[in-house]
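Data block below; observations after.
The values are calculated or read from the model by the stated rules, or taken from the named source; none is laboratory data. Computed from a prediction, not measured in an experiment: that's the story for all the values here. When we count neighbours, we look across all protein chains shown, and the Cβ atoms used for this are built from the backbone with ideal geometry, even at glycine.
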Amino acid sequence: MRSSALRDRLWAFTMQGEDLAQRGNRVDLDPAVNDVWGRRAGRVTYAPHGHEIVASQHWAPLLEEVMREAGAEWTISTTSPPIGELGPLDSENPLGIAPASRHVMGTCRMGDNPTSSVVDAQSRFHDVENMLCADSSVFVTSTGYGPTLTLAALSKRAAHLLTGTEHSVGGPFDGD
């Protein structure tokens, strides 16, 4: 990279958008694929909502324009979801295309009613005894920064809820 002609001239910036929770987007067990131990393998089904597609189409040219106004000689955009490459879930595309973003949040609705939510206020699954969700799917919106520390705190909270121990008031790495 030190000898790269672009090293002092390459600039990139990213806008992290939100994926809206969709009833059809889910993780379940594949009925036809087994893992190496013979158990049903996990399967991700994903299709972007119109919001994500419109946001990609709206922001990509604006971000490129900012770079041109800052002096860029050329620009290129990549969006998540990619513009023009996604179609609806159908027999040709049964699982959809997962977004390039690794911060998809808000896909596991929290609530008191098992018919309209997946987990309760303590992140316990309504239909699986003694199982808690400790990931970003329970977030109602995406975060301004990477969610790693919040996820660590949720994991610690889940461990305390599962073991019946009292969790401390300190942060996720306070030594207990």
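Quickly run through region 1-44 and pick out the residues that are surrounded by 13 or more Cβ atoms within 10 Å (Cβ to Cβ) and basic (Lys, Arg).
If the condition is that a residue be surrounded by 13 or more Cβ atoms within 10 Å (Cβ to Cβ) and basic (Lys, Arg), then Arg26, Arg40, Arg43 are the ones that fit.
What are the residues in region 8-55 that are over 23 Å from the mean Cα position of the chain (by Cα) and touching a residue at least 40 places away in the same chain (Cβ under 8 Å), if any?
Within region 8-55, just Trp11 meets the criteria.
Could you list all residues from region 34-58 that are out of contact with any Lys or Arg (no Cβ under 7 Å at 6 or more places or on another chain) and either farther than 24 Å from Met105 by Cβ or in the same structural domain as Val118 (by TED's automatic domain parsing) (or both)?
Asp35, Val36, Trp37, Gly38, Arg39, Arg40
Hey, among Pro172, Pro147, Pro81, Pro88, which residue is at pLDDT below 65 and in contact with a helix residue (DSSP H, G or I) (Cβ under 6 Å, 6 or more places away or on another chain)?
Pro172
From the list Ala21, Ala32, Ala60, Ala12, pick out the single residue that is closer than 25 Å to Tyr145 by Cβ, modelled with pLDDT of 80 or more and not acidic (Asp, Glu).
That would be Ala60, the only listed residue that is closer than 25 Å to Tyr145 by Cβ, modelled with pLDDT of 80 or more and not acidic (Asp, Glu).
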